[in-house]
Structures are given as structure tokens and as C-alpha cells.
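Asker: Below is the structure I would like to discuss, written out as C-alpha cells.
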């Protein structure tokens, strides 16, 4: 991709209402555009990263045994009345129709997926079952804040599992924890399983997956000696206490929630009269779990956890482009043509082996501005072809997470890039 043809450009202007790092950097780097409070358009660079995150999430949910579907976001009031949530969920968008009916814009999908699964399940032999979707959700947040971390419109993966016994549910719940940790690790995040309250969507204890960062909006108490952690909203411990698991001293911290899992028990299946015939022909109750990951929120969390004073530092797995290639003009027009030809050739060679490259080919932009844009956009690797680099033997190589540059021969650079990205 040639930078000169890229739809968006970077901006030196800090958005006046950007109160968080992710809002500032994603906007300045041209990844998102804020339409109104809590609502963002995802631009080409941002969408490339969002789709990579989506692919990772989908692969891990498929590996867990989930079956993907796509549910309606416009939901009938009747379903929400049946679960007694129409008037109890304060973030629910309620949409009046000219037909006289009312609908909800789905913040979640228990009220839709439960009767759907019920219509296909006939006996205990049809269970356990897990289905998931990746869909735009809507929540009428009183104060949308923190960029893409807390929006009124966002992309979410929500999965629902159905079981004929609590033991089977609990076994799947533990597998989901492992799948979630694998998902976040692939996105370059070290997430911590944290005990929490289910809030508006579940009255039982649930678990959040928190990424520690000083910019986090959640207060945590956790152990450095083991995996114990609690959200302070339901904490049975406090800073300075002995860890109930290993005895080490607990510390206070902050985190960003990147996912959550809930034990829904029979809360929704009972509301819809969903039961199945067991081996003896008697009715069996159905246990249900819910497992959510906010994908747009996850992108924001990655930025919060991985940036510096110059811009975003993307993990290799989710960067919009793996390589940011820069060609720098010379005062010698013939040499400039040679530089551009070599850069184009390298771009094509990298593309041929599956390496995604953003080539900054702009002829009227100074080197310092190109370097600043590369740092702001945050690709893992910057390659520069210039009069200076050619005199030194080929290509200047600098990793985004490092400080030192080196020279790599033109004949060796593709293999070295492949090794770097492996």
C-alpha cells in the first residue's frame, strides 16, 4: 500500500476532547474518526487492526467449540419483558416504531439466543452447545468516555453455552478462561483473571480479564506471587492483606477490562421455559453461561498498554501493516528515481511472501515528518531506503519497540523480515 494513496493521513492536532491515550493516538494516527460521543467510524488503518483482532478471537472461539452465527441487533420488546429486563437495564436503547411497537437495540443477546437455541434443542443429547457471534452492540451510556474503551456503539464477541448439568457448565467455564487468556496473549496482552460482580447482566460472581495499566478505569487488588485478583467493587480482600491463595501481600492496582465471563445459571432458560427431556424422560433444567469480548474495546486496550511518547507500538499480530517502508528523496533526481524503484521492488517482494507493507512514497514530505508518522502509526518494523542507506549497503532497519537502527543488505532484508515476524 502506497501512503500517498492512503485515504487518511496523520494529524499533529490533539483532539480537544481526547481524555485518554487511545482516543488521542487512534485519532491522530488516522485509525478512527469520532462521529459523536461514544461513536466512532473505523478508518482503513483501524479496520485492518480490528479485523486482525476479530480473526484471533474467532479462531480461539472455534477452537473452544463455539459455532458462529449472527443474531438480530433489533430485538422485540416482548423478549425483554419475558426476562423482566425491559425496565431494569439502564443502558438499554429503546426504539419506538411508527407501527406502535417498541424494540431494543441489543446491548447483549441472552434474550434472543435463548429462545433460538430452545427451538432446536429437543433432548439432553443435543447438549452441551456453545454459539457465538461478532456483532455491533449498543448501550445508552450516560457518559461515554475513554475513547473506544467505553462507547455507545461497539463491536463485540458474545458467546453463550448451554448445559444439562452444573458440572458440565463449570468444566466449560474453565476451558473458556484458558481460551480467553490465549486470545489476549495472541493480541500482545498479559491479562489477569479477576473475580468480579456480574452487574446488570448476571447477579452471580463472574470473572473479568484485566490488563494492568495506570490508565485503567477499574480498581483492583491482586497478588504478585500468584494469579489471585479481585475487582474492588466486590472484593473480600484489601491492599495489605495476605493473599488467600499463596499468602503473599496483596497490592492495589488499576486495569482495563478486556473480557468477561458470567455464570447465568437458569436465569434465562427458566424465563423462556427452556428444559429438555433427560435419559429417564424427565425434564432437566438448563444451565447457561455468557462470554464476552469487546473487540473495539480490545483495540483501545492494546493502545493503552503499548505506546510511548511518539505513538502506538503495535504487537506484530495486530498491526495494520507489519512493515512501514520509507523512501527518501535525494537532491540528485536520478538517484531519487533509483531509490523509489528499489523501494517499489522491495514492496512487491515483501507482498509476494505475504508481508503487509505500508510504503511512504510521498515526494514532498521531509524525512523527519515521515519518521514521526511511522512512529505514530506504530508498525513493528521500519525500513528506510535513502541515499545514506544505499551508501551503507542497502536498507536502514529499525524496530518500533527499540531505539537503535542498523544496516541490512538489500539481498538479505526479506529473509530477515520473515525471521523477525515469525
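The values are calculated or read from the model by the stated rules, or taken from the named source; none is laboratory data. Treat the numbers as computed from the prediction; the structure is a model and nothing was measured. Cβ sites come from the backbone with ideal geometry, for glycine too, and all protein chains shown count toward neighbours.
Asker: Can you pull out the residues in the range 408-419 that are over 35 Å from the mean Cα position of the chain (by Cα) and either exposed (fewer than 14 other Cβ atoms within 10 Å of the Cβ) or without any contact (Cβ under 8 Å) to a residue 60 or more places away in the chain (or both)?
Answerer: Matches in the range 408-419: 409, 411.
Asker: Kindly evaluate residue 150 against the criterion of being surrounded by fewer than 23 Cβ atoms within 10 Å (Cβ to Cβ) and within 19 Å of the chain's Cα centre (by Cα).
Answerer: Answer is yes for this residue.
Asker: Separate question: Please count how many residues of the range 125-171 are touching a helix residue (DSSP H, G or I) at 6+ places or on another chain (Cβ under 6 Å) and on the phi > 0 side of the Ramachandran plot.
Answerer: 1
Asker: Find the strands (runs of 3 or more DSSP E) located wholly in the range 241-298 whose residues include 1 or more that are at positive phi and touching a strand residue (DSSP E or B) at 6+ places or on another chain (Cβ under 8 Å), and list them.
Answerer: 250-265
Asker: Just to check your reading of the model, which residue among 363, 301, 337 is surrounded by fewer than 24 Cβ atoms within 10 Å (Cβ to Cβ) and either in a helix (DSSP H, G or I) or not assigned by TED's automatic domain parsing to the domain that holds residue 406 (or both)?
Answerer: Exactly one of 363, 301, 337 is surrounded by fewer than 24 Cβ atoms within 10 Å (Cβ to Cβ) and either in a helix (DSSP H, G or I) or not assigned by TED's automatic domain parsing to the domain that holds residue 406 (or both), namely 337.
Asker: Name the strands (runs of 3 or more DSSP E) wholly inside the range 45-152 in which the number of residues that are touching a residue at least 60 places away in the same chain (Cβ under 8 Å) is 2 or more.
Answerer: 129-138
Asker: While we're looking at this one, here's another question. Would you confirm whether any residue within the range 9-17 is surrounded by 14 or more Cβ atoms within 10 Å (Cβ to Cβ) and within 30 Å of residue 179 (Cα to Cα)?
Answerer: No: the range 9-17 contains no residue that is surrounded by 14 or more Cβ atoms within 10 Å (Cβ to Cβ) and within 30 Å of residue 179 (Cα to Cα).
Asker: While we're here: Take residue 395 and tell me if it is more than 33 Å from the chain's Cα centre (by Cα), without any contact (Cβ under 8 Å) to a residue 60 or more places away in the chain, outside any helix (DSSP H, G or I) and under 28 Å from residue 31 (Cα atoms).
Answerer: Judged against the criteria, residue 395 is a match.
Asker: Does at least one position in the range 179-197 carry a residue that is surrounded by fewer than 20 Cβ atoms within 10 Å (Cβ to Cβ), more than 19 Å from the chain's Cα centre (by Cα) and assigned to a loop (DSSP other than H, G, I, E, B)?
Answerer: For the range 179-197, residues surrounded by fewer than 20 Cβ atoms within 10 Å (Cβ to Cβ), more than 19 Å from the chain's Cα centre (by Cα) and assigned to a loop (DSSP other than H, G, I, E, B): absent.
Asker: Take residue 309 and tell me if it is under 30 Å from residue 14 (Cα atoms) and without any contact (Cβ under 8 Å) to a residue 12 or more places away in the chain.
Answerer: Taking the combined requirement at face value, the residue satisfies it.
Asker: Now, a different point. Counting only residues that are touching a strand residue (DSSP E or B) at 6+ places or on another chain (Cβ under 6 Å) and closer than 24 Å to residue 332 by Cβ, how many does the range 375-396 have?
Answerer: 10
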